[in-house]
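Below you'll find the structure, written out as structure tokens, and then a few comments.
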Amino acid sequence: MANSKYEYVKSFEVEDEVMPPNLIVVCVDGRNFHSFVLKKTSKFYQRRSSKISSVIVSFFTSVYVTKWKEFFPFKELRYPPSFVSRIVRCASLEVLQAYLAWRQRDCHVQNQYNTCLWELVKKGGKTKFEAQEILKDAREQDRNELLHQQFGINYNDSLALFRQGTCIFKTEVEDIVKYNEDGTPVKRLRRKASTFRTENIAGRRFWNAHAGLVKELGNFSEDCFKINPDYIRSFVFESKLMPSTWIVIRIDGCHFHRFSDVHEFNKPNDKQALDLMNLCAVAVLEEFQDIVFSYGVSDEYSFVLKKDSQLYQRQASKIVSSIVSFFSSVYVMKWKEIFQNKDLKYPPSFDGRAVCYPSNDILQDYLAWRQVDCHINNQYNTCFWSLVESGKSKSEAQNYLKGTQAREKNELLLKEFGIDYNTLPLMFRQGSSIFRDGEYLDARE
């Protein structure tokens, strides 16, 4: 397909590859904290931190919303949850070990404090402020004694899930793959996610006992006794976006060709699918007041933040992940509102990136580029699917359209299929814009 004169704006996109041998950890944070460690040889999204971080937080959010009713059958999910994520670049296996020890230690400290706080409030009759004052200078042993003496709770015997957190990784387990004619099962070893809990996830005894962890990441040579949080935080990758620039957050559906096939979206455009994307974008503008304009086409949306925005102190990973996560959350929650007779067969995910544009003219060219791209792709896809529906194979349709210009495509549609391209819905040909018009949000095609 032809390139447009606006494509120079791609030069403002910064590559953020995490170079090997750094180990990549994705931290997903909501009310609770989750860490995902990628294998040391990972080439996931070419090790680009923004894509890795946003895809994982997006999928995590979608699964969270999808599974809500399974765990809370009698509770309604009242509003879309969202999470933030960031990348930790562990320069060595020893840094990863220290990071894991720090996270588990923090789990214990926070849970012990919160257990004391809410026992004082719920059973002790204290206000939240009074409980915080009681615990302000309390040491670990003091908190244990408080729980035991006042509330009869032996903290070290409480649920390990709360005190220690949960480890999940793949191990080889015996699984039934088929049955013989006589009904006997045929079993094979397969790698499946398993759940573990231990007092010390960073200890040699636990880590080195699992061949999968040693193979994918390496073995721990020593136990980790000293934890320096400030040292570990120095490996957290956080880039701040340039001040006095237009920040654009562009999100894209991940593997949406497959997603649209599985969910039987109409080709080349599915109005309901586009309506759902637009509904999500409206919700994002309502949630994030610093976003002043958005433009969407197909499975893509661009969100423009006001120039003086201080959202999340302009930290790229927090801005991108929070918007991608919220968008994913709304997409799943609103699915049935749009597709009333179609089930969501698996959780969708989106990736995102932040780009800074230094001037109004360049921002204008960026938006023009996206709209020109919308037109080029939609015109091609309209021709392509018309040819396929007329009996041509996909490869034949591609060959037929190779080298054709816009005028020739318009003539093909009109002469062969009776389609006047310029009368197709604006949403298909030009995309959708959402912005605030006075006090109200305005969605336009």
Check your understanding: To the nearest Å, what is the center-to-center distance of region 344-391 and region 144-222, using C-alpha atoms only?
Key -> 43
Check your understanding: From the residues Tyr331, Ser35, Gln149, which one has its Cα farthest along the dipole of the chain in the positive direction, the dipole being from +1 and -1 charges on Cβ of Lys/Arg and Asp/Glu about the Cα centre?
Key -> Gln149
Review point. Given the rule -39500 (n - 2.57) for each run of at least 4 DSSP H residues, summed and divided by the residues of the chain, what is its mean residue ellipticity at 222 nm, to the nearest 500 deg cm²/dmol?
Key: -13500 deg cm²/dmol
Review point. Leaving out same-chain residues fewer than 8 places away, which aspartates and glutamates sit with a Cα under 19 Å from that of Lys415?
Key: Glu389, Glu396
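Tell me the trypsin sites (Lys or Arg not before Pro) within region 1-89 that lie in a loop according to DSSP and have at most 11 other beta-carbon atoms within 10 Å.
Those satisfying the criteria are Arg31, Lys43, Lys75, Arg78.
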Review point. Considering only protein heavy atoms and a 1.4 Å probe, what is the carbon-and-sulfur percentage of the accessible area of region 119-195?
Key: 46
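With +1 assigned to the C-beta of every Lys and Arg and -1 to the C-beta of every Asp and Glu, and no other charges, what is the dipole magnitude of region 1-72 about the Cα centre in debye, to the nearest 20?
220
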Review point. What does region 245-360 give for Rg and for Dmax, in Å, if only its C-alpha atoms count?
Key: 14.6, 46
Check your understanding: Among the helices of the chain (complete DSSP H runs), which have Cα atoms covering no less than 20 Å along the helix axis and a Kyte-Doolittle mean of at least 1.0?
Key -> 316-333
Point to revise | aspartates and glutamates with Cα under 16 Å of Lys342, excluding same-chain neighbours fewer than 8 positions away | key: Asp261, Glu264, Asp270, Asp275
Practice item. Roll a 1.4 Å probe over the protein chains and send me the accessible area per residue for the chain in Å². Key: 56
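Tell me the GluC sites (Glu not before Pro) within region 255-352 that lie in a loop according to DSSP and have at most 15 other beta-carbon atoms within 10 Å.
Sparse-neighbourhood loop GluC sites (Glu not before Pro): Glu264.
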Study note, to complete from the structure: Given unit charges at Cβ for Lys, Arg (+) and Asp, Glu (-), the dipole magnitude of the chain about its Cα centre in debye, nearest 20, is 900
Review point. Looking at region 125-162, which trypsin sites (Lys or Arg not before Pro) are DSSP coil and have at most 10 other C-beta atoms within 10 Å of their C-beta?
Key: Lys136, Arg139
Review point. Lysines within cross-link reach of Lys40: Cα-Cα under 21 Å, excluding same-chain residues under 8 positions apart?
Key: Lys51, Lys170, Lys192, Lys215
Check your understanding: From the residues Phe435, Ser395, Ile376, which one has its Cα farthest along the dipole of the chain in the positive direction, the dipole being from +1 and -1 charges on Cβ of Lys/Arg and Asp/Glu about the Cα centre?
Key -> Ser395
Point to revise | Directionally averaged shadow of region 354-418, computed from the convex hull of its alpha-carbon atoms, nm² | key: 6.0
Point to revise | Two-decimal ratio, the chain, of alpha-carbon radius of gyration to 2.2 N^0.38 Å | key: 1.17
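The values are calculated or read from the model by the stated rules, or taken from the named source; none is laboratory data. As the structure is a prediction and not an experimental result, all values here were calculated from the model. Cβ atoms come from the backbone with ideal geometry, glycine included; neighbour counts cover every protein chain shown. Each accessible area value is taken on the protein alone, full model and side chains, heavy atoms only, with ligands, DNA and RNA left out. Shrake-Rupley method; radii C 1.70, N 1.55, O 1.52, S 1.80 Å.
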